[in-house]
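Have a look at the structure below, then the notes.
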Amino acid sequence: MLKYNGRYGEYGGAYVPDVLAKPLERLANEFDRLTKDPSFQKEFVHLLKHYVGRPSPLYRAKRLSEQVGSTIYLKREDLNHTGAHKINNTIGQVLVAKHMGATEIIAETGAGQHGVATATAAALMGIPCKVFMGAKDAERQALNVRRMKLLGAEVVTTTMGTATLKDAVDAALMYYIEHPESFYLLGSQVGPHPYPRMVGYFQSVIGNEAREQILMQEGRLPNAIFACVGGGSNAIGLFSGFLDDVEVEIYGAEGGGEAIPGNTAATLTFGKPTVFQGTLSYCLVDDNGNPCESHSVAAGLDYPGISPQHAYLKDTSRAKYFAVTDTEAIKAFEMLSQLEGIIPAIESSHAVALAAKMLKNKNQLAIVNLSGRGDKDVEREF
Ligand SMILES: *Cc1c(COP(=O)(O)O)cnc(C)c1O
């Protein structure tokens, strides 16, 4: 039996049209081969160090800790080049694309964060890049569109449907079906096999570093770790370093919106197992069981699907997931800015909020993944 069949319990798999089965199988095989290739490893580690700026610090947030009544360390993914964890994955996948001889990178983006991280990695490697984006999103995210273009990417807007992320995914998939020789670079731990495994692998650097750093700095493992969960990539990155340490409690903070059905992005809290965009996992659905729209103040968490590995971790109770409301996240956004002089991404603020709530006066040792910086959120009126 294959060691990895793309399943996490019953979840995962590859539910794709026949034309994509072959390219995805080739990708899975190439990825498996490359993970065993020392020169590939060396190249990836080199770029993480000298281009991304890793290892990212594990910072003891003293004033936050005092306020909460537990010792809280922040894993500073916000200090990476381009300001978030997404670059770990785009560098990894662009390297895979280069080794596969791909002549074009394609990606889709909602708020533009993944588009910018992809355009950055593509520029670094000198591979042409097309980023698909809903026309409405492109208008709302003009700065990120400018960034992508400056980085040499072509931004392809679509007016299909509601002209947002879901339509950008459809447009990118249509293009991929017509051009299966291009490399589809996925931004989160979602989609068909081998993407969840590949994204989890490239992001695992977060948890591996954090585990080593906390042992160095505190001489022991944390009682609990926290991360926000959109598609699930920064969370799985941190969690994967601690999955085998059964004494470490693992918490995921979902984009709760108003934390009611119809106004939430908390997929694991309110969703149902459903096949969505190539994989079997939880998904937010309407009364007829069809995937429906999500709502969250954080664009990066505003997605109706979720990684199949998180679905499995939820069902097996290895990790626990909670819906954090927009209001709670905004409060944490301001709290961390004022207590630590660190403006977190509104996505990451969900993890800070959940940690502050769960750790209140518990005298615990914890790590919170600060997935990104909040410059992009400063101009918003919350
Ligand atoms: C994209 C993004 C997220 C959500 O994506 P995951 O795949 O769930 O990690 C979280 N934080 C930041 C800063 C992001 O840019």
Listed residues Ala163, Ala153, Ala123; which is touching a strand residue (DSSP E or B) at 6+ places or on another chain (Cβ under 8 Å), crowded, with 21+ Cβ neighbours inside 10 Å and not assigned by TED's automatic domain parsing to the domain that holds Tyr303? Ala153
Go through (1) within 25 Å of Asn29 (Cα to Cα); (2) touching a residue at least 12 places away in the same chain (Cβ under 8 Å); (3) away from the ligand (no atom under 15 Å from the Cβ) and name the single condition Gly126 misses. (2)
Could you give me the residue pairs with C-beta distances under 7 Å whose first residue belongs to the stretch 231-259 and is over 19 Å from Ser56 (Cβ atoms), whose second residue is of a type in the set (Phe, Trp, Tyr) and within 14 Å of the ligand (Cβ to nearest atom) wherever it lies, and which are 6+ apart or on separate chains? Gly231/Tyr303; Ile250/Phe239; Tyr251/Phe226; Gly252/Tyr321; Ala253/Phe226; Glu254/Tyr321
Just one of Leu27, Leu48 is over 25 Å from Gln217 (Cβ atoms), touching a helix residue (DSSP H, G or I) at 6+ places or on another chain (Cβ under 9 Å) and buried (at least 21 other Cβ atoms within 10 Å of the Cβ); which is it? Leu27
On the given criteria, is Tyr176 in a helix (DSSP H, G or I) and over 29 Å from Leu238 (Cβ atoms)? yes
All positions within the stretch 367-378 that are buried (at least 24 other Cβ atoms within 10 Å of the Cβ) and over 16 Å from the mean Cα position of the chain (by Cα): Ile367
Of these, Ala332, Ala253, Ala299, Ala266, which one is out of contact with any strand residue (DSSP E or B) (no Cβ under 9 Å at 6 or more places or on another chain) and surrounded by 22 or more Cβ atoms within 10 Å (Cβ to Cβ)? Ala299
Test result for Thr120, among the hydroxyl-bearing types (Ser, Thr, Tyr) and not in a helix (DSSP H, G or I): no
Determine whether the stretch 63-83 contains at least one residue that is within 16 Å of the ligand (Cβ to nearest atom), outside any helix (DSSP H, G or I), more than 21 Å from Glu209 (Cα to Cα) and small (Gly, Ala, Ser). no
Residue check, Ile106 against (1) surrounded by fewer than 18 Cβ atoms within 10 Å (Cβ to Cβ); (2) in a strand (DSSP E or B), all met but one. Which one? (1)
In this structure, does Val190 turn out to be under 22 Å from Ile87 (Cα atoms), among the β-branched types (Val, Ile, Thr) and free of Cβ contacts under 8 Å to residues at least 60 places away in the same chain? no
Taking the stretch 357-378 as the search range and keeping residues that are in a helix (DSSP H, G or I) and in contact with a helix residue (DSSP H, G or I) (Cβ under 8 Å, 6 or more places away or on another chain), which one is modelled with the highest pLDDT? Lys357
The correct count of residues that are under 21 Å from Glu43 (Cα atoms) and charged (D, E, K, R) in the stretch 58-109 is 4
Yes or no: the stretch 299-307 includes at least one residue that is over 23 Å from Gln113 (Cβ atoms) and modelled with pLDDT of 95 or more. no
Just checking: which of the helices (runs of 4 or more DSSP H) contained wholly in the stretch 259-356 hold 2 or more residues that are within 16 Å of the ligand (Cβ to nearest atom) and over 27 Å from Val68 (Cβ atoms)? 308-315
Out of the residues in the stretch 171-203 that are in contact with a helix residue (DSSP H, G or I) (Cβ under 6 Å, 6 or more places away or on another chain) and of a type in the set (Gly, Ala, Ser), state the one that is nearest to the ligand (Cβ to nearest atom). Ser188
Matching option when the condition is surrounded by fewer than 19 Cβ atoms within 10 Å (Cβ to Cβ) and modelled with pLDDT of 95 or more, among Lys36, Lys75: Lys36
Could you tell me whether any residue of the stretch 353-371 is in contact with a Ser or Thr (Cβ under 6 Å, 6 or more places away or on another chain) and basic (Lys, Arg)? yes
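The values are calculated or read from the model by the stated rules, or taken from the named source; none is laboratory data. All values reported here derive from a predicted model rather than from experimental measurement. When we count neighbours, we look across all protein chains shown, and the Cβ atoms used for this are built from the backbone with ideal geometry, even at glycine.
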